[in-house]
1. Which residues does a label at Ala5 reach in the range 48-77, if reach means a backbone N under 17 Å from a point 7 Å past the Cα toward the Cβ?
2. Can you work out ³J(HN,Hα) from phi for every residue in the range 6-15, in order, using Karplus 6.51 cos²θ - 1.76 cosθ + 1.60 and θ = phi - 60°, giving whole Hz and x for Gly and Pro?
3. Calculated FRET efficiency, Glu62 and Thr13, Cβ-Cβ r, R0 25 Å, to nearest 0.05?
4. Under a plain spin-label model, where a point goes 7 Å from the Cα along Cα-to-Cβ, how far apart in nm are Ser44 and Glu92?
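Every number in this text was worked out from the coordinates using simple rules, so none of it is lab data. Values in this document were obtained by computation on a predicted structure and should not be read as measured data. Here Cβ is always computed from backbone atoms with ideal geometry, including for glycine, and neighbour counts include all displayed protein chains.
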Amino acid sequence: MLTDANGIPLSDTLTGANRHDATQLLPLIDGIPPVGGKSGHQKSRPEKVYADRAYDSEPQREELRQRGIEPHLARRNLERGSGLGIFRWVAERTLGWLHNFHRLRNCVTVHVITAL
């Protein structure tokens, strides 16, 4: 699941539990529908994406840059404290809200990414 900075879900995918998180980043980004609002060009991609270490890879970063998105992916093999926690709590809150639906919680594992 990909959320906006307020925790509102923008895009989601459903995969088998044996799929790596990093394989789902780009399908989530590409699955964002156009956002309505003021007349003119509708925005359909975030300006920035914040995600945890599971999504860290240079090919992912390059793909995001090619889409005009600034990647903020926590780096692997570095000391904890990337600073992304100030953004990730919003997505984690959404995950907690979804887990309140007990039947959903028992059937689905949700991966959450925050987009601004």
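1. Zone members listed by number: 48-51, 69-73.
2. 9, x, 7, x, 9, 7, 8, 9, 10, 9
3. Computed FRET efficiency for Glu62 and Thr13: 0.75.
4. 3.4 nm
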